[in-house]
1. According to the square roots a ≥ b ≥ c of the eigenvalues of the Cα gyration tensor, what is the shape class of the stretch 174-329, taking rounded for a/c under 1.5, prolate for a/b larger than b/c otherwise, and oblate for the remainder?
2. Could you list which residues have their amide H under 5 Å from that of Ser7, counting only those 5 or more apart in sequence or on another chain, with H placed in the peptide plane?
3. Just want the answer: with Cβ charges of +1 for Lys and Arg and -1 for Asp and Glu, which residue in Tyr184, Gly235, Cys167 is farthest toward the dipole's positive end in the stretch 137-238?
4. Viscosity 1.567 mPa s, temperature 4 °C: Stokes-Einstein D of the chain from its Kirkwood Cα radius, in µm² per second?
5. Could you give the angle, 0 to 90 degrees to the nearest 10, between helix 101-116's Cα long axis and the longest principal axis of the Cα atoms of the chain?
6. Starting from the 7 Å offset along Cα-to-Cβ, what nm value, one decimal, do you get for the label separation of Leu285 and Arg271?
7. So if R0 is 35 Å, what FRET efficiency would Ala325 and Met66 give, r being the distance between their Cβ atoms, rounded to the nearest 0.05?
8. Sorted by mean Cβ packing within 10 Å, highest first, what order do the peptides 205-216, 99-110 take?
Amino acid sequence: MNVLIYSAKPFEISLIKEENKGRYAVSFTEKRLSLVTAKLAMNYDAISIFSADDASSEVLEKLKAMGIHYITLRSTGHDNIDLKKARQLGLKVANVPSYSPNSIAEHAIALCLTFNRKIVKAQHQTLEYNFLLDDLIGFNLHQKKVGVMGTGSIGEVLIKILHGFGCSILANDIHKNEQLIKDYKVQYVTKEVIAESADIIFICLPLNSNTRYLIDKDYLHQLKKKPVLINIARGAIVHTEELLKALDANVISGYATDVYEFEHGVFFYDRSKEIPEDPILHQLLCHSKTLVTPHQGFATNEALQAIISTTFKNLNAWEAGKDSAYELS
């Protein structure tokens, strides 16, 4: 089977080659899948794409016309692919449903602590031999009320970590995790109750039609305790322009995020010599009350190995004429 890897990153190529062990004819391109780059898939049987690739309806039609049968995502999120169209075209699509929730949950805690305890500012100060503490005052996580929006695999791990800090945890999800209620005294409440009560809010939701811009102007102005928002989910769950206004109005104390709603074509690339013409991103990066990382929550050795291992499980199943356990279409 001939396989083309789109959006191939240097840090994953060697791992993919090692996992493949020469079984398939695997080629790599650093280019994102798009209507323009879909032509690169000519003469391949399968492609592997990442969360920033465009697998919209028109792109899928072009891929099908060129002979592509299988698409395996190296990610959990699949809001970038038109699954309905894939089913109509008879394209098999699979993802990596859970690769390392610990890596992303731990990154959420890292964002929270780094922002709250002003670690970046402290480093900049000490590099200049300024050892004053005046601008480095944070707060304890112990006994804080923390809202967790989304208690899937990542949210569940996050709650277990927060419980270790002694936090009181409020959760919101369409499905209640009874084990979390029993073992970690989690209270499932509405998102409005979280807005009224939480000192910190973690966003761990998938992006879909129900969650897009869930954190909008109306919701931001329901927040009562000027919380810190932490987003390790998808950028478009938060309306960034309205969030920046809320920061300026002191409605929230801060925003720490690993994602951005317009990150495609920016995150995962060195844009230092070609600065994106995106005033919203510029404001987000430069605001005194924000902390932004470049969608690196999954970037651990363990998570990368799990992603690549599952990617090849999908390919192996299809090559053997079987359904993959992780198929979406």
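Nothing in this text is a laboratory measurement; each read-out follows from the coordinates by a stated rule. Because the structure is predicted, anything quoted here is derived from the model rather than measured. Cβ coordinates were reconstructed from backbone atoms using ideal geometry, including for glycine residues, and neighbour counts include every protein chain displayed.
1. oblate
2. Thr29, Lys31, Arg32, Leu33
3. Cys167
4. 61
5. It is inclined by approximately 30 degrees.
6. Modelled inter-label distance: 0.7 nm.
7. 0.80
8. Order by mean packing, descending: 99-110, 205-216.
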